[in-house]
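All remarks here apply to the structure that follows.
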Amino acid sequence: MKKTFSIRTMAEVAIFAALGYVLDFLAGAYSAPLFVNGGSIGIAMVCVYIVAYRRGFFPALLVGLIMGLLDLADGFYSIADVWYKAFAQVALDYVVAYPLVAFAGLFKGMFDRSSNNKGKILAIVYGCTLGGILKLLSHVLSGVLFWSNDFQPTWGISSPLLFSFVYNGAYMVPCIVLSMAIVIFIAYKYSEFLTEPDSYSLRVSNNNKGDK
Amino acid sequence: MKSKGILGIVTGAITYIYALVSFILSFTVESGAWGRDTHGSKFYIVLMLVGLIILTFSIIALVDLKRGRVDALIGSYCFMIIGTIGFIFYLATVIDMAISAGDALSISELIGAIFNTCLAGILGVYGYLSFKKKSIKND
């Protein structure tokens, strides 16, 4: 039976979670003046995407969970009035958001089966879009919970749901596009980086045997 | 190799425990504009991650050694990753300080952060070059 979490997979999960956390911090540092109510334009999602295509859904889910928990440990805002709303908002913004990106891993099979670049890129586009949109929905829902109490019309928008969608979309859409572009670049230039190392080395050794 | 692995495990564990205790001590809860603002030190989180990475790589090295394989790349891999993580972290710190700068105290901290950025960058580049050199040797 194939092991999902070998010691090397665990090491990769730890490395990408750490890298994702610092990339998130970097994005937060320069985006803070732009998005005063939270959110940043960055490439931290790339770490989850890479693990999703390289190792599959569950290792990517773990990367996302660790990144979310580290983000939570670093600091968070909570609403004081009702505890369950505060709990739901913090969970949606920190604990749930990044693991949802791992759903890109559902397209790993399609990515691995594709023999040409076009198929691989399609798998990346579908996966990155799905993961990114799920993360966006998580932030939108959390924004509605956060703003619904005493929402004042902002930017000419009177609905908290629409405002949350526009505000979170303003940084999430560039994030999805940027991250997707980087993953496509990696797939083009260093495709072995997105291939499971064990299967890659096995294929290389089989090809070498065939040559002999 | 075995002594290096054990040394790595001890160093990683001590770094991790020290960073964890310091992080817990650095935790503060303040009342902000929207509600409660809870904060811990980012520096200790990254230090915890570095400790964990050293620990993981040392365990991998020892497991490989037990199985009769020695991966010469593991040390340079560790340098490269820790250098990269440190570089991004200190770069973010510099940007963060430059954007929210203003008080006199932050100047000395800014110089320290720039120095650390350069140091982590050099460590990352050294790790990468050493990784490349050893990979060519292995081929």
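Go over the candidates A:Ala102, A:Ala60, A:Ala52, A:Ala86 one by one and state the one that is surrounded by fewer than 23 Cβ atoms within 10 Å (Cβ to Cβ) and either within 14 Å of another protein chain (Cβ to nearest Cβ) or not acidic (Asp, Glu) (or both).
On the way: A:Ala102 fails: surrounded by fewer than 23 Cβ atoms within 10 Å (Cβ to Cβ); A:Ala60 fails: surrounded by fewer than 23 Cβ atoms within 10 Å (Cβ to Cβ); A:Ala52 fails: surrounded by fewer than 23 Cβ atoms within 10 Å (Cβ to Cβ).
The match here is A:Ala86.
A quick yes/no check of all residues on (1) at pLDDT 85 or above; (2) closer than 19 Å to B:Asn116 by Cβ; (3) not in a loop (DSSP other than H, G, I, E, B):
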residue: B:Gly8; (1), (2), (3): yes, no, yes
residue: B:Tyr18; (1), (2), (3): yes, yes, yes
residue: B:Ser22; (1), (2), (3): yes, yes, yes
residue: B:Glu30; (1), (2), (3): no, no, yes
residue: B:Arg36; (1), (2), (3): no, no, yes
residue: B:Ile45; (1), (2), (3): yes, yes, yes
residue: B:Met48; (1), (2), (3): yes, yes, yes
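Filter region A:1-21 down to the residues that are surrounded by fewer than 17 Cβ atoms within 10 Å (Cβ to Cβ), of a type in the set (Val, Ile, Thr) and in contact (Cβ under 8 Å) with a residue 40 or more places away in the chain and list them by number.
Passing the criteria: only A:Thr4.
Go through the residues of region A:107-129 one by one and say whether even a single one is closer than 22 Å to A:Leu162 by Cβ and hydrophobic (A, V, I, L, M, F, W, C).
Within region A:107-129, not a single residue is closer than 22 Å to A:Leu162 by Cβ and hydrophobic (A, V, I, L, M, F, W, C).
For B:Leu73, indicate whether it is over 22 Å from B:Met97 (Cα atoms), within 10 Å of chain A (Cβ to nearest Cβ) and in contact (Cβ under 8 Å) with a residue 40 or more places away in the chain.
No.
Taking helices (runs of 4 or more DSSP H) that do not extend beyond region A:1-77, which have at least 2 residues that are under 16 Å from B:Lys42 (Cβ atoms)?
Filter on region A:1-77 gives A:7-31, A:57-74.
List the pairs whose first member sits in region A:22-40 and is under 19 Å from A:Val177 (Cα atoms) and touching a residue at least 12 places away in the same chain (Cβ under 8 Å), whose second member is in a loop (DSSP other than H, G, I, E, B) and hydroxyl-bearing (Ser, Thr, Tyr), and whose Cβ atoms are under 6 Å apart, counting only residues at least 6 apart or on separate chains?
These pairs meet every condition: A:Ala27/A:Ser40; A:Gly28/A:Ser40; A:Ser31/A:Ser40.
If I ask for residues that are among the hydroxyl-bearing types (Ser, Thr, Tyr) and touching a strand residue (DSSP E or B) at 6+ places or on another chain (Cβ under 9 Å), which ones from region B:33-83 would you list?
If the condition is that a residue be among the hydroxyl-bearing types (Ser, Thr, Tyr) and touching a strand residue (DSSP E or B) at 6+ places or on another chain (Cβ under 9 Å), then B:Thr38 is the only one that fits.
From B:Ile81, B:Ile60, B:Ile53, grab the single residue that is among the hydrophobic types (A, V, I, L, M, F, W, C) and under 30 Å from B:Val29 (Cβ atoms).
When all the criteria are applied, what remains is B:Ile53.
The values are calculated or read from the model by the stated rules, or taken from the named source; none is laboratory data. From a predicted model like this one, the values you see are computed outputs, not experimental measurements. No Cβ is skipped: glycine too gets one built from the backbone with ideal geometry, and neighbour counts run over all protein chains shown.
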